[in-house]
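Only one structure is covered here, and it is reproduced in the block below.
Taken together, the values in this text are just the output of simple stated rules run on the coordinates, not laboratory data. Computed from a predicted model, the values in this text were never measured in an experiment. Using ideal geometry, Cβ is built from the backbone for each residue, glycine included, and neighbour counts are taken over all protein chains shown.
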Amino acid sequence: MNGAETNAVGKVLIDRAAIARRVAELGREITAAYRGEPLVALSVLKGSFVFAADLLRAIDTPLAVEFIGLRSYFGSRTQTSGVVEITQDVKYPLGGRHVLVIEDIVDTGLTLDYLMKNLATRNPLSIKIAALLHKPSRAIKPIPIDFLGFEIPDAFVVGYGLDFDGRYRNLPHIAVLEPDDAQLGLFPPR
Ligand code: PRP
């Protein structure tokens, strides 16, 4: 078996044990912040679904779970343009409840900048953000991340929900893809 046949790719940046420890800590912080308050956890599809599944089970206070689908239009090959479309909206009103947005990664910040402004028009009690990863070196729009897992360098990361061309979301850790990985043929088309 070689790398093209398995899902192994890149170098491990954050292993599954480190993710689990940090997610448990974030769960405790979020529990303390919202205990007794009406809370909606809003998972941003697709990338956040793995993080959300683990984080929600580390939060010990009643909450509702909603999903929102966003599509970012790319201004260049690697950078979003800031033009965002809601492909799947939440099913219930957010008014009168606290909203905790769950994201896998904040890169330029353009996606969350759009989403925060959109959510604010729905009159929630508050909006906060839980993000697993943040690349501060790529920031275009400053995003206040209330509950952050890890700051990471400007590298192309996959795994634990994050994809390259639809692949690698099911890696249990965060890995860095190198340009060589593409040349080795590890990136078959979807
Ligand atoms: C990723 C991630 C964020 C966004 C962050 O989504 O889930 O939503 O990019 O980038 P930004 O800070 O530069 O705006 P992606 O567009 O890859 O879609 P996916 O979640 O469906 O994989």
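The table for this structure:
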| quantity | calculated |
| --- | --- |
| Under the Karplus curve 6.51 cos²θ - 1.76 cosθ + 1.60, θ = phi - 60°, whole-Hz ³J(HN,Hα) for the stretch 112-124, x wherever Gly or Pro sits | 6, 4, 5, 5, 4, 5, 5, 5, 4, 6, 9, 6, x |
| Built amide H within the under 5 Å cut-off of V99, gap 5+ | V40, L125, S126, I127, K128 |
| Cut-off under 5 Å, modelled amide H: who pairs with V106 long-range | L133, H134, K135 |
| Among beta bridges that DSSP assigns inside the chain, antiparallel share in %, nearest 5 | 40 percent |
| Within a Gaussian network of the chain (alpha carbon springs, distance under 10 Å), most fluctuating of P136, P179, P62 | P179 |
| Protection proxy ranking, peptides 28-35, 105-112, average beta carbon neighbours within 10 Å, highest first | 105-112, 28-35 |
| For the chain: Kirkwood Rh in Å [reciprocal of mean 1/r, alpha carbons] | 17.3 Å |
| Within the chain, helix-based [θ] at 222 nm, where runs of 4 or more DSSP H residues each add -39,500 (n - 2.57), nearest 500 | -7000 deg cm²/dmol |
| Calculated from backbone phi, Karplus (6.51, -1.76, 1.60) coupling profile of the stretch 17-22 in Hz, x at Gly/Pro | 5, 5, 4, 4, 4, 5 |
| In Hz, Karplus ³J(HN,Hα) per residue of the stretch 153-169 (6.51, -1.76, 1.60; θ = phi - 60°; x = Gly, Pro) | x, 6, 10, 7, 10, 9, x, 6, x, 8, 10, 10, 6, x, 9, 6, 4 |
| Residues R167, R16 arranged by fewest to most Cβ contacts within 10 Å | R16, R167 |
